[in-house]
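The values are calculated or read from the model by the stated rules, or taken from the named source; none is laboratory data. Since the model is a prediction, treat every value here as computed from it, not as a measurement. FYI the Cβ positions are ideal-geometry reconstructions off the backbone, even for glycines, and counts take in every protein chain you see. Just the protein is used for accessible areas: all its heavy atoms, side chains included, with ligands, DNA and RNA removed. Shrake-Rupley method; radii C 1.70, N 1.55, O 1.52, S 1.80 Å.
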Amino acid sequence: MAFWWAWPAAIGAGMKLPVLDILRCPQCRELFVPWICEQIGNEIITGSLWCSCSVIKILKGIPRFVHSDSYTDAFSFEWTKHRTTQLDSVTGQTDSADRFAQSVGIPLSELNDKLVLDVGCGMGRFAEIALHYGATVIGMDLSLAVDAAYANLGSHPRMHFLQAD
């Protein structure tokens, strides 16, 4: 059976403000206060997040907790060039859903209304599955693959991205 769904690309444009309710500074653990340069609706396109000890840039709709992807530039290149090759919604297959279900060890229906942290999200193949099953997802990647994931899934209202380690 094919596994296929989609959401409109025009919905999302940046960091969605509701993520500020759970996002904390990794050093002082304070909530961030946004400084907004460009905003569309409730989404920040460019700006920064401030606390008493840090300033985190928001570029292209993604908070950037790292200054470079030099350590991971091969992944950045790979997932930018091949950003849809593992998305079940593009391939019409269930490979990613099957692998994700096997890895988490619970019925995927139990993801409904859960908060999922996808560490090392790459181009978003497992985030897409979690979203499909009703989760709110925070996708995090050290590399610029997070930009490819954002291009794939950033419009989904329950999807949030961070570039971080």
Within segment 115-133, how many residues are buried (at least 21 other Cβ atoms within 10 Å of the Cβ) and in a helix (DSSP H, G or I)?
7
Looking at VAL33, VAL104 in this structure, which one is farther than 22 Å from ARG158 by Cβ and either open to solvent by less than 90 Å² (accessible area, probe 1.4 Å) or modelled with pLDDT of 95 or more (or both)?
VAL33
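Please go through segment 134-160 and pick out each residue that is part of a loop (DSSP other than H, G, I, E, B), among the hydrophobic types (A, V, I, L, M, F, W, C) and modelled with pLDDT under 95.
Kept after step one, since they are part of a loop (DSSP other than H, G, I, E, B), are these residues of segment 134-160: 134-135, 142-144, 154-158.
If we keep only those that are among the hydrophobic types (A, V, I, L, M, F, W, C) too, we end up with 135, 142, 144.
Hits for segment 134-160 are LEU142, LEU144.
Quick grid of which residues meet (1) under 25 Å from CYS25 (Cβ atoms); (2) crowded, with 24+ Cβ neighbours inside 10 Å:
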{"residue": "ALA135", "(1), (2)": "yes, no"}
{"residue": "MET140", "(1), (2)": "yes, no"}
{"residue": "LEU144", "(1), (2)": "yes, no"}
{"residue": "ALA148", "(1), (2)": "no, yes"}
{"residue": "MET159", "(1), (2)": "yes, yes"}
{"residue": "GLN163", "(1), (2)": "yes, yes"}
